[in-house]
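Peer 1: Starting off with a structure, shown below.
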Amino acid sequence: MRPLSCAVPACVLLLAACSSSSSSSGTKATTTVASTAPARPPAPPGPSASISGPLTGGTGKAFLGEATTSDLETAGYRESEFFASGTARSYEMVGERTTNGRWQVRPKESAKYRTRIVVRIPRDPSRFNGALLVEWLNVSGGLDASPDFTYMHTELTRSGYAWVGVSAQQIGVSGGTPVVPVAGVPAGGLRGIDPARYKSLRHPGDQYALDIFTQIGRALRAPGPVDPLGGLRPERVAAIGESQSAFELTTYLDAIQPTARVYDGFFVHSRGGGAIPIEGGNIAAGISGGIRIRPDTDVPVLIFETETDLEFLQFFSARQPDTDHIRLWEVAGAAHADSYLVGDVASSLGCVGGINKAPTHYVVAAALHAFDTWMRTGTPPPTQPRLDVKVVDGSPKVQRDERGNALGGIRTPQLDVPVAAYSGTAADPSKLVCLLFGSTRAFDAATLARLYPSKEKYVADFAAATDAAIQQGHILQADRAAVLAEAEKVKL
């Protein structure tokens with residue numbers, strides 16, 4: 001896939017990126033581990049998407065907006081792409097849209113659709129670990145992006161997950177007005193980016209997106225004549241999504257999952273304080289409202305939040321207690337989007353003072369591992385410490401130490417043995433995109449000298465903090481060497 005030419009390349013959850021798939025990951029072999037969780041009642045029958053393909057033609061490659069890419073070949077994975085077609089339903093509310101998430105909906109209208117899915121699975125079926133992650137692709141920049149695959153790809157590929165990206169929303173398929181316009185992004189969604197490959201796609205509107213996501217989930221669980229997973233039989237099928245996609249998954253959990261019951265768990269990454277309306281659109285509703293995920297959910301739900309999400313995206317208003325089926329991870333020093341997500345195009349964002357460089361992706365990997373273990377065994381991970389947040393002049397504010405780093409929350413060694421202040425608050429608030437990317441402020445030489453009399457002292461303290469984070473389940477043992485290598489790069 002040739003990369004898009006973007007005057008302002010930006011890929012975010014709430015943005016999009018300008019390239020296609022390919023950074024290296026480990027290829028450690030794994031074997032499928034049978035689930036020990038109590039068996040759930042079978043999902044009720046319902047319409048399933050018709051899968052056809054694989055797709056060919058056009059540029060010859062599936063399009064995905066990914067600024068930080070993964071080398072699937074080196075990781076032992078293969079990618080393919082398929083059409084998903086059917087007749088989807090829209091919904092309407094029955095009663096109030098309550099903040100406790102206990103919503104009831106009923107079918108309203110129906111319309112035909114033809115969208116696509118991107119499939120990434122291990123080339124060697126014996127490496128499959130039994131878990132399928134179905135990502136609701138993010139469209140806030142006007143095209144399909146896969147931020148969760150980017151954040152998770154190292155753990156995902158080394159542990160043998162299967163992954164499917166779903167073009168669930170209209171703007172990704174046929175274009176529209178993006179939340180965050182990006183110069184150079186072609187009009188017309190997939191149909192505009194590669195007409196020869198995607199000209200037959202049709203999306204009837206976001207009011208049908210929830211049912212499209214359900215029908216595709218059913219098709220992945222029980223394939224027809226065309227099997228997009230190449231014979232793999234998932235034991236666990238989880239829905240994942242980041243930013244605007246997490247807003248959508250909040251709505252899905254509150255309105256659709258209780259009756260559809262297609263997904264065995266939800267990884268809700270960087271949601272705001274609201275939820276997308278049943279009729280679709282209106283992303284602002286995903287930010288405000290103080291809407292919680294319904295407490296009577298009966299599948300694992302891991303909510304992963306950054307400092308930016310609690311403050312700027314108002315998740316603080318939707319904070320809720322942990323339950324047997326809900327766990328909340330709030331990560332100190334983390335921003336809604338960061339330098340790991342956008343890679344080399346970070347400088348093109350134009351954020352004065354730079355963006356967040358905290359290693360949040362290591363915590364995402366640990367959260368994915370904890371989430372899948374929960375789905376497999378039925379035992380939830382321990383309740384985690386929450387960020388220290390106070391309401392100041394009517395707005396939530398993360399509380400900080402004297403050097404500017406957050407208090408409380410899940411912590412990385414970069415926060416406990418710091419050489420900089422990492423924040424979800426932007427240094428440059430003049431641009432919307434910068435508000436999502438937080439900031440990094442390096443300590444001056446005098447501060448570093450007071451904290452660490454020698455490089456050896458710093459490295460030793462950092463290693464001890466890393467081992468503590470591993471013991472707490474916030475970093476994986478498999479990432480220890482990579483995390484410690486970050487300390488070796490620091491100049492004191």
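The values are calculated or read from the model by the stated rules, or taken from the named source; none is laboratory data. Only a predicted model underlies this, so the values are computations on that prediction, with no experimental measurement involved. Don't worry about glycine lacking a Cβ; one is built from the backbone with ideal geometry, like all the others, and counts go over all protein chains shown. Keep in mind that these areas ignore ligands, DNA and RNA; they rest on the heavy atoms of the full protein, side chains included. Shrake-Rupley method; radii C 1.70, N 1.55, O 1.52, S 1.80 Å.
Peer 1: Any residue that is on the phi > 0 side of the Ramachandran plot and not polar (S, T, N, Q) - is there at least one of those in region 425-438?
Peer 2: Within region 425-438, one or more residues are on the phi > 0 side of the Ramachandran plot and not polar (S, T, N, Q).
Peer 1: Quick one: which of VAL118, VAL105 is within 23 Å of THR150 (Cβ to Cβ) and either modelled with pLDDT of 95 or more or open to solvent by 50 Å² or more (accessible area, probe 1.4 Å) (or both)?
Peer 2: Within the list VAL118, VAL105, the selection yields VAL118.
Peer 1: For region 360-404, which residues satisfy the criterion of being among the acidic types (Asp, Glu), touching a strand residue (DSSP E or B) at 6+ places or on another chain (Cβ under 7 Å) and part of a loop (DSSP other than H, G, I, E, B)?
Peer 2: Scanning region 360-404 gives a single hit, ASP388.
Peer 1: Go through (1) under 17 Å from GLU330 (Cα atoms); (2) crowded, with 21+ Cβ neighbours inside 10 Å one by one and return the number of the condition LEU435 breaks.
Peer 2: Result: LEU435 fails condition (1) only.
Peer 1: So which of ASN138, ASN129 is of a type outside the set (Val, Ile, Thr) and surrounded by 23 or more Cβ atoms within 10 Å (Cβ to Cβ)?
Peer 2: ASN138
Peer 1: Can you name the number of the only condition in (1) under 26 Å from ILE326 (Cα atoms); (2) loosely packed, with under 14 Cβ neighbours inside 10 Å; (3) charged (D, E, K, R) that ARG386 fails?
Peer 2: Every listed condition holds for ARG386 apart from (2).
Peer 1: Can you tell me which condition PRO54 does not meet? The list is (1) open to solvent by 70 Å² or more (accessible area, probe 1.4 Å); (2) in contact with a Lys or Arg (Cβ under 8 Å, 6 or more places away or on another chain); (3) at pLDDT 95 or above; (4) of a type outside the set (Gly, Ala, Ser), and all the others hold.
Peer 2: Looking at each condition in turn, PRO54 falls short on (2).
Peer 1: Given the residues THR447, THR466, which is the only one that is outside any loop (DSSP other than H, G, I, E, B), open to solvent by less than 60 Å² (accessible area, probe 1.4 Å) and farther than 17 Å from ALA358 by Cβ?
Peer 2: Step by step, each of THR447, THR466 is checked, and only THR447 is outside any loop (DSSP other than H, G, I, E, B), open to solvent by less than 60 Å² (accessible area, probe 1.4 Å) and farther than 17 Å from ALA358 by Cβ.
Peer 1: Let me ask another. Going through ALA427, ALA460 one at a time, which residue ends up being of a type in the set (Gly, Ala, Ser), modelled with pLDDT under 95 and either in contact with a helix residue (DSSP H, G or I) (Cβ under 8 Å, 6 or more places away or on another chain) or open to solvent by 20 Å² or more (accessible area, probe 1.4 Å) (or both)?
Peer 2: ALA427
Peer 1: Further question on the same structure: Which of the numbered conditions does GLY142 fail, given that it passes all the others? Conditions: (1) part of a strand (DSSP E or B); (2) on the phi > 0 side of the Ramachandran plot.
Peer 2: Tallying (1) part of a strand (DSSP E or B); (2) on the phi > 0 side of the Ramachandran plot, GLY142 fails exactly one: (1).
Peer 1: Out of the residues in region 270-300 that are more than 19 Å from GLN257 (Cα to Cα) and not hydrophobic (A, V, I, L, M, F, W, C), state the one that is nearest to the chain's Cα centre (by Cα).
Peer 2: Going through the qualifying residues, I end up with SER270.
Peer 1: Would you be able to say whether some residue in region 210-219 is within 30 Å of LYS431 (Cα to Cα), basic (Lys, Arg) and touching a helix residue (DSSP H, G or I) at 6+ places or on another chain (Cβ under 9 Å)?
Peer 2: no
Peer 1: What's the number of the only condition in (1) open to solvent by 10 Å² or more (accessible area, probe 1.4 Å); (2) in a loop (DSSP other than H, G, I, E, B); (3) out of contact with any Lys or Arg (no Cβ under 9 Å at 6 or more places or on another chain); (4) not polar (S, T, N, Q) that CYS351 fails to meet?
Peer 2: (3)
Peer 1: Surrounded by 19 or more Cβ atoms within 10 Å (Cβ to Cβ) and either under 24 Å from the mean Cα position of the chain (by Cα) or part of a helix (DSSP H, G or I) (or both): does that describe ALA196?
Peer 2: no
Peer 1: Just to verify a result, which residue in region 57-91, among those that are within 18 Å of LEU201 (Cα to Cα) and basic (Lys, Arg), is surrounded by the fewest Cβ atoms within 10 Å (Cβ to Cβ)?
Peer 2: Once the filter is applied, the top-ranked residue is LYS61.
Peer 1: When you check TYR422 against the structure, is it in a strand (DSSP E or B) and touching a Leu at 6+ places or on another chain (Cβ under 8 Å), yes or no?
Peer 2: yes
Peer 1: Of all residues in region 63-82, which are assigned to a helix (DSSP H, G or I) and not acidic (Asp, Glu)?
Peer 2: Across region 63-82, the qualifying residues are LEU72, THR74, ALA75.
Peer 1: Of all residues in region 214-254, count the ones that are among the aliphatic types (A, V, I, L, M) and farther than 16 Å from ALA43 by Cβ.
Peer 2: So the answer is 6.
Peer 1: Is it fair to say ASP298 is touching a His at 6+ places or on another chain (Cβ under 7 Å), modelled with pLDDT of 95 or more, of a type in the set (D, E, K, R) and open to solvent by 40 Å² or more (accessible area, probe 1.4 Å)?
Peer 2: Spelling it out, ASP298 is indeed touching a His at 6+ places or on another chain (Cβ under 7 Å), modelled with pLDDT of 95 or more, of a type in the set (D, E, K, R) and open to solvent by 40 Å² or more (accessible area, probe 1.4 Å).
Peer 1: Quick one: which residue in ARG120, ARG89, ARG106, ARG114 is part of a strand (DSSP E or B), under 30 Å from ASP338 (Cβ atoms) and charged (D, E, K, R)?
Peer 2: ARG120
Peer 1: Mind listing whichever residues of region 401-419 are in contact with a Pro (Cβ under 9 Å, 6 or more places away or on another chain) and crowded, with 21+ Cβ neighbours inside 10 Å?
Peer 2: Result: ASN405, GLY409, ILE410, ARG411, THR412, PRO413, GLN414.
Peer 1: Any idea how many residues of region 123-139 are of a type outside the set (Ser, Thr, Tyr) and not in a strand (DSSP E or B)?
Peer 2: 9
Peer 1: Enumerate the pairs (first residue in region 205-230 and over 19 Å from GLU135 (Cβ atoms); second residue anywhere and part of a helix (DSSP H, G or I)) with beta-carbon separation below 9 Å, excluding pairs fewer than 6 apart on the same chain, so at least 6 apart or on different chains.
Peer 2: From region 205-230, the pairs are GLY205/GLN170.
Peer 1: Which of (1) in contact with an Asp or Glu (Cβ under 8 Å, 6 or more places away or on another chain); (2) polar (S, T, N, Q); (3) buried (at least 19 other Cβ atoms within 10 Å of the Cβ) is the odd one out, the single condition SER395 does not satisfy?
Peer 2: For SER395, the failing item is (3).
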